[in-house]
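Here, each number is a calculation from the coordinates, and none is a lab measurement. Nothing here was measured: the structure is a model prediction, and the numbers come from that model. Cβ: placed from backbone, ideal geometry, glycine included. Neighbour counts: every protein chain shown.
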Amino acid sequence: MNRFWTRLRLTLDMIKFEHSVFALPFALTGALLAWRDCGFQVAGLRWRFLWILVAMVAARSAAMAFNRILDADIDARNRRTAARHLPAGLLSTKFAWGFTATASLLFLWASRELGFLCFVLAPVALAILFAYSFAKRFTMFAHLMLGFCLGIAPAAAWIAIRGSLDWRICWLTAAVMFWTAGFDVIYACQDFEFDTAEGLFSIPRRVGIARALLIARLLHLAMIASLIALVIVFHLGALSVAGIFAVLILLVYEHGLVKPHDLSRVNAAFFTVNGYVSLLFFAFWAADILLHRKYF
């Protein structure tokens, strides 16, 4: 039993379980917007939010574990990633597959609890999440595919609350997609030489590090534009606008950390700043939505 819990702890470390914070606040924002849109009248709301949380964490965990399994050989050849759990032999591939299957089943169970449409779309969502792991083998647009994987979270949360999809929430999907793609491009700059040697695809490998960082800036500007559009279509208030400014300031700071000739602070830009982006965004937007409820 102790061995099992040790391997589970190592698995959660392998998939960077704490990074669930990246997409989860946006998913919860999608759920809050759906709740607001139906006049704050949803049966079993607390249980729905709980199952959204379970579904989000389970889906991400399954996708990350699958990615680590698929990339184990590549990671072993990359000096930056050779110490990861599977190539280093800290975990067995068999246990990682078991974890992936368990997380996938938990996601399907949570989706079933959230309604018929969520359950029907759950296998499609898993297929999209798993497909991303193959992307860098054939397209430089893998960054946008990763962004879309995270971006479907708020749309899925909307469906979980409303039982159907509204095109307006797709602006939040777009925002998350552009945000994620932007910081993933920055992160991929670290592997420019390795990707070139291995024949893997990425924007930095295709256009060079300097131009890749410029593209990352443009992607983050697209995120801001998408959030502005979201404010307009949902008629949100000043706190949501303030949240966009907070995100913009953090993104400017993030890009200031990374230079074409100095990638030493990529981890700070990737992990720390983007964690604050998602949390601050949720804090401002949740406050705006809940304040609106007071006067509804």
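Mind giving me the FRET efficiency for A225 and K259? R0 is 30 Å, r the Cβ-Cβ distance, nearest 0.05 is fine.
Rounded to the nearest 0.05, the efficiency is 0.75.
With θ taken as phi - 60° and the coefficients 6.51, -1.76 and 1.60, list the Karplus ³J(HN,Hα) couplings across region 44-59 in order, rounded to whole Hz; mark glycine and proline as x.
3J(HN,Hα) across region 44-59, in whole Hz: x, 4, 4, 5, 5, 5, 5, 5, 4, 4, 4, 4, 4, 5, 5, 5.
When the helix-only estimate is applied to the chain (DSSP H runs of n ≥ 4, each -39,500 (n - 2.57), divided by the residue count), what is the mean residue ellipticity at 222 nm, nearest 500 deg cm²/dmol? Please list the in-between numbers first.
On the way: 13 runs with 219 residues, N = 296.
The helix contribution divided over the chain gives -25000 deg cm²/dmol.
Report ³J(HN,Hα) in whole Hz for each residue of region 222-227, in order, from the Karplus equation J = 6.51 cos²θ - 1.76 cosθ + 1.60 where θ = phi - 60°; Gly and Pro get x.
With coefficients 6.51, -1.76 and 1.60, one gets 5, 4, 4, 4, 5, 5 Hz.
Rounded to the nearest 20 Debye, what is the dipole magnitude of region 2-294 about its Cα centre when Lys and Arg each give +1 and Asp and Glu each give -1 at the C-beta?
Rounded to the nearest 20 debye, it is 360 debye.
Hey, what do the phi angles of region 150-157 turn into as Karplus ³J(HN,Hα) couplings, whole Hz, using 6.51/-1.76/1.60 and θ = phi - 60°, x for Gly and Pro?
Residue by residue, region 150-157 yields 6, x, 6, 4, x, 5, 5, 5 Hz.
Taking loop as defined by DSSP and a crowding limit of 10 other beta carbons within 10 Å, which trypsin sites (Lys or Arg not before Pro) in region 1-88 fit?
Passing both the DSSP loop test and the Cβ count: R79, R80.
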